[in-house]
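The values are calculated or read from the model by the stated rules, or taken from the named source; none is laboratory data. Being a predicted model, the structure only gives us computed values, none of them experimental. Cβ placement follows ideal geometry from the backbone for every residue including glycine, while neighbour counts extend to all protein chains displayed.
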Amino acid sequence: MFKLDFNIQSMKILRVLSLLLVSAVLLTYMGCDGGGSTPEPIEDVQFTKLAKTWKITSVSYTGTGPQDRTAEYKDLNFQLVLNGTKGSPPFTYSTSGRPNISPWKANGTWEFGSAVETQIVRDKGVTADELGMTYVVTENTLTLTFSFLRDGYPARTEQVEGNWIFTFGL
């Protein structure tokens, strides 16, 4: 009978020790950070989404003249190319197929604004041309919204002053 008590006592001790061991192992793994890589900076993530050749799909304008300006940009196959080297702003942009009256220069620089996921600044530091823009980008669309309050490129005209929304696709 003593031997039976000894085995029951030993089993209880073994059960408690195994429970403690499993708990210690779990706590050890929970305390680890996984040793994974550092997440990619948000600027790099957004740059990857933006750095493409964008083709115009629609243009709306609130100012002097027609509101829907899509036809004049589509007829010329307006494109915006955003590129550069990831992590090395300022980046570059170029346009092709611009109408004679346009708020776009042929080329220049851009960088992110204070809200990286929604703002870019075109030609930052170039006093006459600096322009803040709000953007929304998905896998295959880009929408740029801005107020243009000066002479257009390349001509001086009132027909570019106002609020613009450019929507692009790939």
When residues of the range 86-122 are limited to those that are of a type in the set (D, E, K, R) and modelled with pLDDT of 95 or more, the one farthest from L76 (Cα to Cα): E117
Set V126, V121: member being more than 26 Å from D68 (Cβ to Cβ) and surrounded by 14 or more Cβ atoms within 10 Å (Cβ to Cβ): V121
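Being closer than 17 Å to F166 by Cβ and part of a strand (DSSP E or B) is the filter here, so list the residues in the range 71-99 that pass it.
Result: Q79, L80, V81, L82, Y93, S94, T95, S96.
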Test: residue in the range 74-82 that is at pLDDT 85 or above, among the acidic types (D, E) and under 30 Å from K124 (Cβ atoms): no
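Any idea which residue in the range 100-139 is nearest to F166 (Cα to Cα), counting only those that are touching an Asp or Glu at 6+ places or on another chain (Cβ under 8 Å) and among the aromatic types (F, W, Y)?
Step by step, filter the range 100-139, then rank; the result is W110.
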Given (1) under 20 Å from T118 (Cβ atoms); (2) surrounded by 15 or more Cβ atoms within 10 Å (Cβ to Cβ); (3) in contact with a helix residue (DSSP H, G or I) (Cβ under 9 Å, 6 or more places away or on another chain), index of the condition F78 fails: (1)
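For every residue, the table says whether it meets (1) assigned to a strand (DSSP E or B); (2) modelled with pLDDT of 70 or more.
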residue: F6; (1), (2): no, no
residue: V16; (1), (2): no, no
residue: L20; (1), (2): no, yes
residue: Y29; (1), (2): no, no
residue: V45; (1), (2): no, yes
residue: K49; (1), (2): no, yes
residue: W54; (1), (2): yes, yes
residue: V59; (1), (2): yes, yes
residue: T62; (1), (2): yes, yes
Count - residues of the range 116-145 that are more than 15 Å from the chain's Cα centre (by Cα) and farther than 16 Å from P90 by Cα: 1
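Tally time: how many residues in the range 119-153 are assigned to a strand (DSSP E or B) and more than 11 Å from P103 (Cα to Cα)?
So the answer is 15.
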